[in-house]
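The values are calculated or read from the model by the stated rules, or taken from the named source; none is laboratory data. Every value quoted in this text rests on a predicted model; they were computed, and no experiment measured them. Note that each Cβ is placed from the backbone with ideal geometry, even for glycine, and that neighbours are counted across all protein chains shown. Just so you know, the surface numbers come from the protein's heavy atoms only, side chains and all, with ligands and any DNA or RNA stripped out. Shrake-Rupley method; radii C 1.70, N 1.55, O 1.52, S 1.80 Å.
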There are 2 protein chains.
Amino acid sequence: MKNYKLSDNFLGYYQDLILQQVLPYQYQILNDAVPGVEKSHAIENFRIAAKEADGKFYGMVFQDSDVAKWLEAASYALALQPDAALEAQVDEIIRLVGKAQEADGYLDTFFSIKEPEHKWQNLQECHELYCMGHMIEAGVAHYESTGKTTLLSIAEKAADCICARFGKDKTRGVSGHPEIELALMRLYHATGRQAYLDTALYFINERGTEPEYLEEEAKHRGWVHFDMDPSDKEYAQTYAPVRKQEDAVGHAVRAVYLYTGMADAGRTAGDDSLLAACETLWNSITARRMYINSSIGSTGTGEAFTMDYDLPNDTNYSETCASIGLIFFAKQMLDASPLPDSRYADVIERALYNTVLAGMSLDGKNFFYVNPLEANPLYDGKCVTHKHVLSHRPSWYGCACCPPNAARLLTSVSTYLWTVKDTALYANLFAGGRLDLSEEKGITVETVTDYPLDGVIDFRVDTAANTPVSVFGIRIPDWCAMYQITVNGEPVLPEVIHGYARIPLPAGCITQIRLTCTITPQRVFANTSIREDLGCVAIMRGPLLYCIESVDHDGDLRGIFIKKDSPITELPYTRSLLNGIVPLQMEGYRIPPSDALYTYQRPAAEPVTLYAIPYYAWDNRGENEMKVWLHEME
Amino acid sequence: MKNYKLSDNFLGYYQDLILQQVLPYQYQILNDAVPGVEKSHAIENFRIAAKEADGKFYGMVFQDSDVAKWLEAASYALALQPDAALEAQVDEIIRLVGKAQEADGYLDTFFSIKEPEHKWQNLQECHELYCMGHMIEAGVAHYESTGKTTLLSIAEKAADCICARFGKDKTRGVSGHPEIELALMRLYHATGRQAYLDTALYFINERGTEPEYLEEEAKHRGWVHFDMDPSDKEYAQTYAPVRKQEDAVGHAVRAVYLYTGMADAGRTAGDDSLLAACETLWNSITARRMYINSSIGSTGTGEAFTMDYDLPNDTNYSETCASIGLIFFAKQMLDASPLPDSRYADVIERALYNTVLAGMSLDGKNFFYVNPLEANPLYDGKCVTHKHVLSHRPSWYGCACCPPNAARLLTSVSTYLWTVKDTALYANLFAGGRLDLSEEKGITVETVTDYPLDGVIDFRVDTAANTPVSVFGIRIPDWCAMYQITVNGEPVLPEVIHGYARIPLPAGCITQIRLTCTITPQRVFANTSIREDLGCVAIMRGPLLYCIESVDHDGDLRGIFIKKDSPITELPYTRSLLNGIVPLQMEGYRIPPSDALYTYQRPAAEPVTLYAIPYYAWDNRGENEMKVWLHEME
């Protein structure tokens, strides 16, 4: 993070929004200082556990994780720009967390305050390893962002407590919500301590082995919290040992958190069988179980994956957090590949621009947890099959998982932009700013671009005489059929390997590299195994998925069709519209609803003009209908 | 019933199937004489309650109703054709039922055997009024079919027990599952006893009044059976007084059973406000909440109605029993209208041919409870959203509601064919056979037709000199745009009122009337408010809905389109195919699934020939994919 200074027109806006709007608001929420919003009590729980306040635990069993995610995001924010007030808030919370931590490193205010007798007994439902995992992530982030070890020490104490308890020849355990695996891996990378890698591998390898831990635990513990069904072994990915798992199943966030830890541990430990399992699960998601916006989770029941090609557009879950987790997983897969493979970065890009950003209103005040691809206020939140879907972002929940998750992703987005591997530097995503690896690798890169609104990306690469970097790799996005690359103004035809154009880089000079992607609106066609998209097309422009809203169509999307193969016109970039977008105009038809439910006469279709906006910007002009997949008519 | 002798090529087959196959099999089931099938124990429960056997109650709380429905269907069977063996079976069961009835008329083996202390305490969940209602219906049917009063007396004793308990100034009560209302009305019509009408009206008028009975009951009873939510007031249509109910909601079978009782009571009592409520609810169903096959219940959750125009094709419930109940309701609405209105008979016809018949395999051995309009063995019964849907009829359930319901409807189908009103006789449905009203009205009608395979219906009407009938009404089906009527071979242009052509009928002679409906395959278009049918058409031929099955399409319906506006060809009637059908052939396309989940290139469509069969006959050639609504492509 410290090597990259983002100054991007597009993503910069969201970083600023997180810094100026989301993090301060979230801090207020965590401190119960926002009237009219459901009480969080998350900081107060730490205060009570720290014996600095009296009271009872309040909130979900995983309430602590809200604080951890905020600390992580705030740490990244401090890396982006100094902020003494924020730093003081962070330090004060870290002090409280430290005081709430028990002598042996145990850290979970729900159990410390409310259920001290029940510690470690209900890993299926009670999220101790999940909450401590998030605090470990926060500790690593805080250390890497600020150099301070206050939270890292707390994280290490918590991790030591976990490593002392769980493992071969120790107590058996598997977390009902994966997170500890990826967290211990991050802590291992930050500290180099073998116990963290070993315990991460233990949790990964133990999962799904017979007798299945969570089911055994449920038999013996004699108490329940949520009354989850321990025999549902898909929900928490315990249906088989991880290397035998061939389908991405169960709770989508749990799944991708697990796979993230698996990929990191597989790469770090050089465990090819683990990486092969990750590749299988990656393909299960991206080739058969993923929406066009790289969102995942086809059903609200269990917020879960369902089956191959089952991708309903209006009853999906597509949780913002699940796409964030998919980005984590993709990043690990990118890092684990001998040469970077653009299919991982393509998913990162699509999930980031089209789901993570869609999860937040343009003013940073309202958030979707569920991201439907077809929304209708008549049914969403009302019809029994659509109860979990909303067609308007709510402000904030007492239990806030997605907003702080989006905050930590967007403040650390620069870590996804570049990959350094051997003698090559790879540009995965395109965002304006300055990469400074002059100390480590003798190279700096200035990127100037209006991506994703425009397809021109300029890199000014400055190499030292002794740089070991001899190849500059640029991802050619999967959406881009036509592109041109110039080096110092001269067109070149570089070799493209695994989706990355490889440009030889001379040492000791400045090289101007330009990638020009032809960025025009395109129709996207779904595999006909996806029943719900049959006869439909979606529209993308560059990496941005588009949608239509009823506010642009007389308040009614019923009976709307796009004219088959008709041109899609780019309207001029409009700064004042939805924070600056390129609207699209298309020819279409409307068959207005009639009085009859069914008719024997073909109802007449009227020509209409359709207007599409980027999907990430929907529901910013009042609650209304929205559709991504448009039926075609000739 | 005794006035009509059916000799119809089409419906006759199903009546024979019920008589020769379904009723005997069902008798075996009720007597636990079929190995390998989940035990029914229904007769044994009566034996135990009659103190002729020892043992415990077994089965659902409404297990008695299976016996009642069988008795009702068997009674109709005896009216259709004498059968000494069947009559002996019926008499023996009636003897048992009589012996199981308590001294005060109370009749419910679950409570008599198992929960005598809890009688009448849990009307929400425990179905006493529902089970007794079905036995009352059986008593009326048995009396009307055989002239015997054995079961009618039991029914009257049960009804007297109910009337003595419930009513104004008596104990308050409303049944969680409507049925008693319509049953008391039938008993009133059979006996003329005012108490039955009064109590039916009491139950109808009490429903949904404040404080809502079922919720009150749940507060005070202190025990539960199914643990249903008493605050869900839509489920059992208790959300408002019935005259204030504007939408058909909740459990679909419950709804239409209630509306049936309301319409009968409204007509009988001359209560216009009740009939107006029925009309509102009828429109709610048929104008906004009904599938093209006149099935109802858009969701498996609560087997229920959802919201206007919410009609998903692959996750619907569309219970066979609900369409049977809709037929009951339609018949009452038809009878309640001053002049018959064909829109009621249109729904009866469509539900009968396309849902009730679809509920049964062609050999009468397997039954659908749920009737999807799109089936896929990959997902049905497996995917969490499709658990309730099956793409293959199962043999029989221990709790058997739909098969005996279909049996009683099909054995009594002749009661839906004709309406006599004032000086007119109306043909509602078209089936071969002989109507003999010579004693009552001085008229007989011989009908000869191959309907619904053919559109020619011949009526030979024989009137006595003193017949009061001076008008012969024939329904012009809603699907029929072109028709011709001849009287004694001469074309006529009769007045059509409310969908019935009215032909003046001379007395004292024979009149030959022929209706010729032009019966060709037609495309049907859904209202564009139905999101799931957008861009699709369905195919009907006459009253028969068609579908395509994967067995006719290389085992795969993925990516199948019908060519827009292309001709639909009738293939020759094939006796050996699916018990005799007219297959349809159509031009279409297939876009085969590709390896990629999404592509930027339009995938190629290949021309294919499509074959459609009547929907009622699907899933008779092995489990496979099926679709009613077909996407169009030009």
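Return the value, in Å² to the nearest 100, of accessible area buried between chains A and B (probe 1.4 Å, both sides summed). In total, this chain pair buries about 5000 Å². For region B:518-533, accessible area lost to neighbouring protein chains reaches 30 Å² or more, against the chain alone with a 1.4 Å probe, at B:Val524, B:Phe525, B:Asn527, B:Thr528, B:Ser529, B:Arg531. Rounded to whole Å, give me the distance from the Cα center of region A:281-350 to that of region A:110-164. Between the Cα centres of region A:281-350 and region A:110-164 lies a distance of 27 Å.
Think of a 1.4 Å ball rolled over the protein heavy atoms: chain B then has 34 Å² of accessible area per residue.
A DSSP coil position with no more than 15 other Cβ atoms inside 10 Å describes the following chymotrypsin sites (Phe, Trp or Tyr not before Pro) in region B:586-630: B:Tyr600. Annotation: amide H-H contacts under 5 Å for B:Arg541 (H modelled 1.01 Å from N, sequence separation of 5 or more, or interchain): B:Gln522, B:Tyr546. Evaluate 2.2 N^0.38 Å with N set to the residue count of chain A, then give the Cα radius of gyration divided by it. So the Cα radius of gyration is 0.97 times the expected 2.2 N^0.38 Å. With the simple spin-label model, which puts each label point 7 Å out from Cα in the Cβ direction, the B:Asp169 to A:Thr149 separation comes to 9.1 nm.
For region B:118-160, the residues whose backbone nitrogen is under 19 Å from a point 7 Å from the Cα of B:His220, taken along Cα to Cβ, are B:118-129.
DSSP beta bridges in chain A, what fraction antiparallel, as a percent rounded to 5? Walk me through the numbers before you get to the answer.
Working: 76 of 84 bridges.
Rounded to the nearest five, the antiparallel share is 90 percent.
Amide H contacts for A:Lys421 (H built 1.01 Å from N in the peptide plane; partners 5 or more residues away or on another chain; cut-off under 5 Å): A:Tyr426.
Applying the Karplus relation 6.51 cos²θ - 1.76 cosθ + 1.60 with θ = phi - 60° to region A:611-620 yields 3J(HN,Hα) values of 10, 10, 10, x, 4, 4, 9, 5, 6, 10 Hz, where x marks Gly and Pro.
For A:Gly297, nonlocal amide neighbours, meaning residues 5 or more places apart or on other chains whose placed amide H falls under 5 Å from its own, are A:Ser318.
Using a 7 Å projection from Cα along Cα-to-Cβ, the label point at B:Ser576 is separated from the same position in the remaining copies by 7.6 nm, smallest value first. In nanometres and ascending order, the distances from the B:Asp462 label point to those of the other copies are 11.1 (point 7 Å from Cα along Cα→Cβ).
Taking all Cα pairs closer than 8 Å and separated by 6 or more residues, the relative contact order of chain B comes to 11 percent. Across region B:453-463, rounded Karplus estimates of 3J(HN,Hα) from the backbone phi angles (6.51 cos²θ - 1.76 cosθ + 1.60, θ = phi - 60°) give 6, 10, x, 9, 10, 9, 10, 10, 9, 10, 10 Hz, Gly and Pro being marked x. A simple spin-label model places pseudo-atoms 7 Å from Cα toward Cβ; at B:Asp554 and A:Thr423 they are separated by 5.0 nm. Applying 0.36 nm per residue to the separation of B:Leu578 and B:Asp595 and subtracting their alpha-carbon distance, the gain on full extension is 2.5 nm.
Over all distinct alpha-carbon pairs, what is the Kirkwood Rh of the protein assembly as shown in angstrom? Can you show the working numbers first?
On the way: mean 1/r = 0.0293 Å⁻¹.
Over the protein assembly as shown, the inverse of the mean reciprocal pair distance is 34.1 Å.
Beyond 24 Å, what share of the Cα-Cα pairs of region A:521-633 remains, rounded to the nearest whole percent?
Details: 1609 of 6328 pairs.
That tail contains 25 percent of the Cα-Cα pairs.
Only lysines eight or more places from B:Lys56 in sequence, or on another chain, were considered; those with a Cα closer than 24 Å are B:Lys39, B:Lys69, B:Lys99, B:Lys114, B:Lys119.
Net charge near A:Ala42, counting Lys/Arg +1 and Asp/Glu -1 over other residues with Cβ under 9 Å of its Cβ? Within the 9 Å Cβ shell, the charges total -4. Counting only residues at least eight positions apart within a chain, or on another chain, the lysines with an alpha carbon under 22 Å from that of A:Lys441 are A:Lys2, A:Lys5, A:Lys331, A:Lys421. Each copy carries A:Lys244; placing its label point 7 Å along the C-beta direction from Cα gives inter-copy distances of 5.9 nm, listed from smallest up. Of the trypsin sites (Lys or Arg not before Pro) found in region B:88-184, those in coil by DSSP whose Cβ has at most 12 other Cβ atoms within 10 Å are B:Lys168, B:Lys170.
For region B:299-316, putting each phi into the Karplus relation 6.51 cos²θ - 1.76 cosθ + 1.60 with θ = phi - 60° gives couplings of 9, x, 5, x, 6, 10, 4, 10, 9, 3, 6, 8, 9, x, 8, 10, 10, 6 Hz, in residue order, rounded to whole numbers and with x for Gly and Pro.
Would you please name the trypsin sites (Lys or Arg not before Pro) within region A:1-41 that are DSSP coil residues with at most 15 other C-beta atoms within 10 Å of their C-beta?
On the way: sites: A:Lys2, A:Lys5, A:Lys39; in loops: A:Lys2, A:Lys39.
Within region A:1-41, the qualifying trypsin sites (Lys or Arg not before Pro) (loop, at most 15 other Cβ atoms within 10 Å) are A:Lys2, A:Lys39.
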